[in-house]
1. Could you list all residues from the range A:263-322 that are surrounded by fewer than 17 Cβ atoms within 10 Å (Cβ to Cβ) and either at positive phi or of a type in the set (S, T, Y) (or both)?
2. Take B:V238 and decide whether it is assigned to a helix (DSSP H, G or I) and β-branched (V, I, T).
3. If I ask for residues that are more than 29 Å from the chain's Cα centre (by Cα), touching a residue at least 12 places away in the same chain (Cβ under 8 Å) and loosely packed, with under 15 Cβ neighbours inside 10 Å, which ones from the range B:118-165 would you list?
4. Just checking: which of the strands (runs of 3 or more DSSP E) contained wholly in the range A:11-80 hold 1 or more residues that are in contact with a Pro (Cβ under 9 Å, 6 or more places away or on another chain) and at pLDDT 95 or above?
5. Hey, can you tell me all the residues within the range B:241-251 that are over 18 Å from the mean Cα position of the chain (by Cα), assigned to a helix (DSSP H, G or I) and more than 7 Å from chain A (Cβ to nearest Cβ)?
6. Within the range B:26-42, can you find the residues that are surrounded by fewer than 23 Cβ atoms within 10 Å (Cβ to Cβ) and either polar (S, T, N, Q) or outside any loop (DSSP other than H, G, I, E, B) (or both)?
7. For B:N168, which of the numbered conditions (1) surrounded by fewer than 17 Cβ atoms within 10 Å (Cβ to Cβ); (2) at negative phi fails to hold?
8. Does B:I185 satisfy the condition of being facing another protein chain (nearest Cβ under 10 Å), closer than 18 Å to B:A159 by Cβ and touching a Gly at 6+ places or on another chain (Cβ under 9 Å)?
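The values are calculated or read from the model by the stated rules, or taken from the named source; none is laboratory data. As the structure is a prediction and not an experimental result, all values here were calculated from the model. Positions of Cβ are generated from backbone atoms using ideal geometry, with glycine treated the same way; all protein chains shown enter the neighbour counts.
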Amino acid sequence: MTGVAVAQKAGDDVLLRVENLSKSFMLSRSLGDVLRGRNPKVDAVSDISFTLRRGETIGIVGESGCGKTTLGRMLLKLIEPSAGSVRFDGVDLSDLDRPAELAFRRRAQLVFQNPFDALNPHFTIRRSLYEPLFNTQVPVADHDNLMGQALVRVQLDHMLHLLDSYPHQLSGGQLQRVVLARALVVQPDFIVADEPVSMLDVSVRAGILNVLREARDTMGLAAVFISHDLALVRYVCERTITMYLGSVVEDGPTRDVIARPLHPYTRALVQAVPVPDVDQSHDPLPIIGAMPDVRNPPPGCRFSDRCPLADNACRAERPPLRVVSPGRRVACFKVPDQ
Amino acid sequence: MLLSIKDLQIHYKTPMGPVKAVDGISFDVPEGKVVGVVGESGFGKTTAVRSILRVMPTVASFAGGEIIFDGKDILKLSDRQMNDLRWRDIAYIPQSAMNALDPVWRVGDQIVEVLTKRGGMPKAEARTRSEQLFAMVGLEANRLRDYPHQFSGGMRQRASIALALALNPRLVIADEPVTALDVIIQRQVLDTFAKLQREFGLSVILVTHDISVVAYVCDHVVVMYAGKVVEKGPARDVLTHPSHAYTIGLYNAFPELSADHDCELSPIEGGPPLLLNTPPGCRFRPRCPFALEICKTDPPEVKVGPDHFAQCHRAHEGASLRQLAADPAVWRRVVTA
């Protein structure tokens, strides 16, 4: 497969097809492990399948340690999966040769979580923004034009003096706009935004979210937006996937998932979303304790030890992710078909 | 009143001249209440609350005002008297609890050390007390033997709350206690604060940039902007009737779960001002969609409700400003202007 073929192949509506994707990380072996021939490992992501249409935005929600970042990195071929496949425009990412990978990099970009260390402190902002254009071998004649468009997109076009500044001279909100511009400057079809606003003050978050929304609407950008806060996901994403300990527990249109969460874990997440309302409910969350050690997940349903509904059946067998109504999938024995 | 801060000023010494990080702030902390201090990063919240413990970087100095704790002016105490006050009467939970615990010590031993060395308690008693403290913050006693790296983020945060409570302080200062936490853990930590306040009458100063945290646990709120208090009052009044444009803006920028799907959020455009050689007048003026000519003069403190004050020339127009501010276009205009 050559770079040209990847760049031009346009078939059906599906941009990204994830099939049975898994990733396990090896842990260091103790002497006992070595003697017994054991290889302890952590299943960070296990058996995830979903598709992303062109121009669609999917939110991945879950607590820290649920594997959402690992998943995001696999979608961009920054981590190789242990099993399963990610197909981008019909091509398996693990089959890409060097030129094809370059073409892929131009079409798929990452927005980092922490703008304070995502930029090289020795580079001016201008240099940071030109870097992806050079790296993906965009013709030099197009650079200034693309750069201008990216700056307009992130609303930094009225602050051109910032281009010759260094990262430490910018505020957090400005830095995150630069990080976004750096991802958008090559005009990708797909971005993964990993907690893009969690390091920012609430008052400047809105600006970043608006830029993402606008890019979705005007560039037809497909995005995977990783967050632990459903309120942020709601603002940017049409579809939401809830992850718990490496697997998908719920998947559906964001509006439905928030209005009527089906999986008990999603219900707890919805209830935990902070609201600026003094009369909000202080009811305890329908969830017990904290996330268990990823190395020793409970048998059966991985959520069973925190679930208020769990019974013996849940602890014996792992519920499959099944379609309960058109467009909605849930992995829970307690949720009837809708 | 347990704590009263009156016209406090703290300056940072820089080669370009003094930076007025805290510029004449006043607020009170009543006994048994949770007071939220809200504002963006770099607005002097941390400087202000750390000064209550007189813990400051060497370049910072008090330039005026007083901090009255339990009838005594903290700024007039000797170093020794001040040291007696720290932890025993006023405890501090630093911004990043992840780094507040010593990684090479068991968590339990760190609590016991405080109880024996600063509290003068015999070791056996200190062990029982540390179990009690763990129970108070909702941690299991068998985790006392763990090292900090064996704890999750939320557990570490709760352990540092337990550590702060060790000597029964009357006031706890918590600096951004939930900022780096997931929503579920955030909720659990806030519930811990609410429970401690309810059951033990703890007084808390809670520093945050997130008004939802204020809405969830605080009785009173102090909104800071660029070294000044721009609005303060009971949390309910300030959140339901925000009267300073900055507070209104904070509210409108908040992504709500229940809001209409297509409604647009309004960020507060622009950035915080440099606090060096600040011109007179309202500090929020360059970012304020409602600024007038008169805003170039220092704004008065306007009483907009019982105990509810806003430092704004147009504070009495609160109701109509709130209505205008609901339109995102109003906030966008500020950049183009």
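1. Result: A:S281, A:G289.
2. So B:V238 fits the description; yes.
3. B:R145 - this is the single residue of the range B:118-165 that is more than 29 Å from the chain's Cα centre (by Cα), touching a residue at least 12 places away in the same chain (Cβ under 8 Å) and loosely packed, with under 15 Cβ neighbours inside 10 Å.
4. A:14-26
5. B:A245, B:I248
6. Those that are surrounded by fewer than 23 Cβ atoms within 10 Å (Cβ to Cβ) and either polar (S, T, N, Q) or outside any loop (DSSP other than H, G, I, E, B) (or both): B:S26, B:F27, B:D28, B:S41.
7. Checking B:N168 against (1) surrounded by fewer than 17 Cβ atoms within 10 Å (Cβ to Cβ); (2) at negative phi, the one that fails is (2).
8. Taking the combined requirement at face value, the residue satisfies it.
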